[in-house]
Amino acid sequence: MDSASSSARTVAACVIGGIVLGASVVALHLGAGPAAPSLPPVEALRRRFRRRHRPVRVYMDGCFDMMHYGHCNALRQARALGDELVVGVVSDDEITANKGPPVTPLHERMKMVRAVKWVDDVIPDAPYAITEDFMNKLFNEYNIDYIIHGDDPCLLPDGTDAYALAKKAGRYKQIKRTEGVSTTDIVGRMLLCVRERPVSDNQSHSSLQRQFSHGHGQNIDDSGFGNGTKISHFLPTSRRIVQFSNGRGPGPDSRVVYIDGAFDLFHAGHVEILRLARGLGDFLLVGIHTDQTISSTRGPHRPIMNLHERSLSVLACRYVDEVIIGAPWHISKDMITTFNISLVVHGTIAENMDYTEDDSNPYAAPIAMGIYHKLDSPLDITTSTIIRRIVSNHEAYQKRNEKKEASEKKYYDSKSFVNGE
């Protein structure tokens, strides 16, 4: 009896509550009741609901010239501040007007940015400075919630802050700059290579390698050419490698594709061959050769980027699943078995294409096993291509570097700790 009475009371309460709620909705719709005018309109409530339940979209722009792991880490940090990352790539003309001529043209820079695994969308020909019109376009057309930049200042030629409008709008967020690398540093390494060669030919390969990869000897030119070029020292940590890693291995039935190389000055040619290689299987394993191996096969001034720098650049590529840091020059049958490799590939465009003429072919084992495949490289670009661009126009790049070095020196002189990832 008590149970039946309780149920009846519950039903009655629900009916009364429904009637009261329905009356309230009708009153609000008709504009009745004293509280109605203070409530937001229905459409505004709908917009607010959609905004709360759609992905947070963040925007980051840049030149991304000679794209390196510092750029990739900036994009990784930016992506962590939202759900979707839209990246604006500055046009060639804008870079030339504000910084000097770019080393890599827009179409190559677009390929590089699109290949970064933290990037969701790309806007070509972005302006160097965030104008009011472009900012409104970001907010209204691209549904951008926040504009992101590093803690290093980005100043226009007139000395004003390129992100002043975004800061004023309250839609700006800052990330920590990745220490130890910049395009200025990398160009400086190549310019240093050009300066060293005439006076360094008598030095040992290992000595030159240490100087070139680690930035020693940059003041050897008595003419003062390039004095002050800052070669940063990269300090690799296990945490950074984990941040860049996918954190997963191949499945038991995965078709593992292996490709190896130096991947120095990671460029669009690398990206395209990795894209094709990944399409041949379920899991792409990339072997990255040691600094010593590269020096012995390509000359004392190589590599320009050291092993850990090159590893991070490759790990940031969306087509890559795993890397071997310090892969052997010769691919053995034991290595193929250890990593369960189904296919070994190599591009038709590479720095060292005479390996088949050597007495000891590094691909002899996969060739004998019938799992070696040569891929047609989509782009005729190598690390030497990038170096030639710098060397052929070294005066313009030297002027660009000197300009940039002044702002970088100011940044480092006034640098303070910034918490970040």
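The values are calculated or read from the model by the stated rules, or taken from the named source; none is laboratory data. Everything numeric in this text was worked out from a predicted model, so none of it was measured. Neighbour counts run over all protein chains shown; Cβ positions are idealised from the backbone, glycine included. For the accessible areas, the whole protein counts, side chains as well, though only heavy atoms, and no ligand, DNA or RNA atoms are used. Shrake-Rupley method; radii C 1.70, N 1.55, O 1.52, S 1.80 Å.
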| task | Give the residue that is least open to solvent (accessible area, probe 1.4 Å), with candidates limited to residues of the range 261-281 that are under 18 Å from Arg389 (Cβ atoms) and touching a Cys at 6+ places or on another chain (Cβ under 9 Å). | result | Val271
| field | Residue in the range 43-65 that is most open to solvent (accessible area, probe 1.4 Å), counting only those that are hydrophobic (A, V, I, L, M, F, W, C) and at pLDDT 90 or above | value | Val56
| field | Single condition Ile331 does not satisfy, out of (1) open to solvent by less than 10 Å² (accessible area, probe 1.4 Å); (2) within 18 Å of the chain's Cα centre (by Cα) | value | (2)
| note | Only one of (1) touching a residue at least 12 places away in the same chain (Cβ under 8 Å); (2) assigned to a helix (DSSP H, G or I); (3) under 25 Å from Ala169 (Cβ atoms); (4) open to solvent by 40 Å² or more (accessible area, probe 1.4 Å) does not apply to Pro124, and that is (2)
| Which residues, counting only those in the range 72-114, are assigned to a loop (DSSP other than H, G, I, E, B), modelled with pLDDT of 95 or more, open to solvent by 30 Å² or more (accessible area, probe 1.4 Å) and under 23 Å from Ser392 (Cβ atoms)? | Pro105
